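Have a look at the structure below before the remarks.
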Amino acid sequence: MQDKIKQLLDEIEALAAESLEQVEELRIKYISKKGLVSQLFEDFRSVPNEEKRLVGQLLNQLKETAQNRINSLRDALQNKGAEAKEIDWSRTAYPTPLGTRHPLTLVQEEICSIFARLGFSIAEGPEIEDDWHVFSSLNFADDHPARDMQDTFFVQNVPGSLLRTHTSSVQSRVMSTQQPPLRIICPGRVYRNEAISYRAHCFFHQMEALYIDQDVSFADLKQVLLYFAQEMFGPETKIRLRPSYFPFTEPSAEMDISCNICGGEGCAFCKHTGWVEILGCGMVDPNVLESCGIDSKRYSGYALGMGIERITNLKYRVKDLRLFSENDQRFLDQFKGAH
């Protein structure tokens, strides 16, 4: 009897199963009412009295071992099944790399932060605009080249609708609905019908600023431009203003900064001039103020505008404008440390 118990004990300790069905079969075989362990308990009746104490202890140990082994096999298979259900088999077998913030977003937020310290608030407007907000309210003549089909994307079958060519349309919307003092910046995407190359694209991003109040002068504009340039490119940055022309400002100017690569000494990037153009600016034309319902005899103001891609090129020395819109992970990974 003791030999049978020991043999069955070794057999039970070595049990294995690959499915819950197999575990149930082992339970029936060993510990059910007609199982092998139960049969040994039936045979216990024929054991001599002097051996019953020892054999009874061995049988109880066998029954407990068999029950524990069956339970452990069942628990292991149930836990394995639960883990399998938690696995998303549709996911890629490789770790998914995390992206990074786009360099244009980084630069736009930095520009907004600089102007916010000067009291400017953000204003936004629609990308699909009408002729009045984009051109007429901003003193563009009826025959101005910017209205030509070769320069502007017009919306088909919707007369007078077009994709905005500059974020100045946001300025005209604000001036038409609010009275001075106004101090706003207008970031956003704009569209122009241009051939795509390393230096031009059919869509890009602009940041424009507008300040209108009593007694605003060109000196105020110049001070804001100097502050912006030194905050953006470093305290050693110098600025230079050159006369220019824009329909919505008079007088108008283009601003250059001292080349941040050669420090103004002259290099290939600045074409050996020591200066790099970054934006256009000027005093808001009185005709623009009047067309938007603002008294030009009481109020004056300045406006400035820059391409965010242009500023990003200067800050990070990106030579090809197309990289900003191609979504190449290798290119974007270079800006992880720029957050």
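The values are calculated or read from the model by the stated rules, or taken from the named source; none is laboratory data. Source: prediction; values computed, not measured. Reconstructed Cβ throughout: ideal geometry from the backbone, glycine too, with neighbour counts over all protein chains shown.
Quick test for you: out of Leu221, Leu225, pick the one residue that is under 30 Å from the mean Cα position of the chain (by Cα) and crowded, with 17+ Cβ neighbours inside 10 Å. First the steps, then the outcome.
Working: Leu221 fails: under 30 Å from the mean Cα position of the chain (by Cα).
Matching residue, one of Leu221, Leu225: Leu225.
Among the residues in the stretch 36-59, are any touching a Lys or Arg at 6+ places or on another chain (Cβ under 7 Å), crowded, with 18+ Cβ neighbours inside 10 Å and either modelled with pLDDT of 85 or more or within 22 Å of Ala17 (Cα to Cα) (or both)?
Yes, some residue in the stretch 36-59 is touching a Lys or Arg at 6+ places or on another chain (Cβ under 7 Å), crowded, with 18+ Cβ neighbours inside 10 Å and either modelled with pLDDT of 85 or more or within 22 Å of Ala17 (Cα to Cα) (or both).
Restricted to the stretch 275-331, and to residues that are more than 21 Å from Ile122 (Cα to Cα) and in a strand (DSSP E or B), which residue is modelled with the lowest pLDDT?
It comes out as Val276.
Do you know which residues across the stretch 233-249 are touching a residue at least 60 places away in the same chain (Cβ under 8 Å) and part of a loop (DSSP other than H, G, I, E, B)?
Pro247, Phe248 - these are the residues of the stretch 233-249 that are touching a residue at least 60 places away in the same chain (Cβ under 8 Å) and part of a loop (DSSP other than H, G, I, E, B).
Go through the residues of the stretch 221-231 one by one and say whether even a single one is in contact with a Phe, Trp or Tyr (Cβ under 6 Å, 6 or more places away or on another chain) and at pLDDT below 95.
no
What's the total number of residues in the stretch 12-28 that are surrounded by fewer than 16 Cβ atoms within 10 Å (Cβ to Cβ) and farther than 14 Å from Glu64 by Cα? Don't jump to the end; show me each part of the working.
First, the residues of the stretch 12-28 that are surrounded by fewer than 16 Cβ atoms within 10 Å (Cβ to Cβ): 13-14, 16, 18-22, 24-25, 28.
Then keep just the ones that are farther than 14 Å from Glu64 by Cα; that gives 14, 16, 18-22, 24-25, 28.
Of the residues in that region, 10 qualify.
Among Val37, Val23, which is the only one that is part of a helix (DSSP H, G or I) and more than 60 Å from the chain's Cα centre (by Cα)?
Val37
On the basis of being assigned by TED's automatic domain parsing to the domain that holds Leu314 and surrounded by fewer than 14 Cβ atoms within 10 Å (Cβ to Cβ), does Gln206 make the cut?
The answer is no for Gln206.
Among the residues of the stretch 110-130, which ones are among the acidic types (Asp, Glu), touching a strand residue (DSSP E or B) at 6+ places or on another chain (Cβ under 9 Å) and either buried (at least 17 other Cβ atoms within 10 Å of the Cβ) or under 30 Å from Gln223 (Cα atoms) (or both)?
Matches in the stretch 110-130: Glu124, Glu129, Asp130.
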